[in-house]
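Below is one structure, written out as structure tokens; the observations come after it.
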Amino acid sequence: MENVDLKNETPTFGNVLLCPVLGQTYNYFDDGKIKPSRRMEVVITEIIPFNEIDKETLNDWKEEVEECDWLYAKETDYFVKADLKVSDNKVEKIIFVRTINNNDGWFSLGWWGGRLDIDGSLNALLNGA
């Protein structure tokens with residue numbers, strides 16, 4: 001399975017929302033709650049096109065879309081894998097996919113579901129900007 005190198009590109013989805021950049025660190029908000037206590041950092045480790053994702057991840061995504069149709073988009077162009085720094089000694093592997101609302105952008109699957117802040121706007125809300 002080949003990763004997409006997006007370091008020198010800024011792809012969009014429907015010319016609306018940028019993709020995260022491979023190797024970049026972003027803020028993540030646990031459960032989508034925009035509060036200082038829910039803010040953590042993620043590092044993007046892989047960006048995988050839809051047609052190249054493994055079957056297990058694809059099935060997990062399909063289940064999440066079915067269970068949370070109010071959150072996850074029925075289509076996603078990429079699966080974005082990341083390392084979530086939960087504490088100084090603990091890192092969780094998570095996967096982001098598109099949401100139904102382009103303003104919300106990317107939300108991770110499973111137990112560590114959370115919102116990815118790729119443009120810094122969510123963090124700016126916390127800082128009073």
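The values are calculated or read from the model by the stated rules, or taken from the named source; none is laboratory data. Owing to the predicted nature of the structure, the values given are computational and were not obtained by experimental measurement. With ideal geometry, Cβ positions are generated from the backbone for all residues, glycine too; neighbour counts draw on all protein chains shown.
Each residue in the stretch 98-111 was checked for being assigned to a loop (DSSP other than H, G, I, E, B) and at pLDDT 95 or above, and 1 of them qualify. Just to be sure, is residue 45 in a strand (DSSP E or B), polar (S, T, N, Q) and either in contact (Cβ under 8 Å) with a residue 12 or more places away in the chain or over 17 Å from residue 23 (Cβ atoms) (or both)? For residue 45, the condition - in a strand (DSSP E or B), polar (S, T, N, Q) and either in contact (Cβ under 8 Å) with a residue 12 or more places away in the chain or over 17 Å from residue 23 (Cβ atoms) (or both) - is met. Take the conditions farther than 27 Å from residue 125 by Cα, surrounded by 14 or more Cβ atoms within 10 Å (Cβ to Cβ) and at pLDDT 95 or above and apply them to residue 44. Does it pass? Criteria not met by residue 44.
Where residues in the stretch 52-80 are modelled with pLDDT of 95 or more and among the polar types (S, T, N, Q), which of them is surrounded by the fewest Cβ atoms within 10 Å (Cβ to Cβ)? Here the residue is 59. Within the stretch 79-90, is there a residue that is over 13 Å from the mean Cα position of the chain (by Cα) and touching a residue at least 24 places away in the same chain (Cβ under 8 Å)? Within the stretch 79-90, one or more residues are over 13 Å from the mean Cα position of the chain (by Cα) and touching a residue at least 24 places away in the same chain (Cβ under 8 Å). Out of everything in the stretch 63-97 that is assigned to a loop (DSSP other than H, G, I, E, B) and out of contact with any strand residue (DSSP E or B) (no Cβ under 8 Å at 6 or more places or on another chain), what residue ends up being nearest to residue 26 (Cα to Cα)? For the stretch 63-97, the residue satisfying everything is 88.
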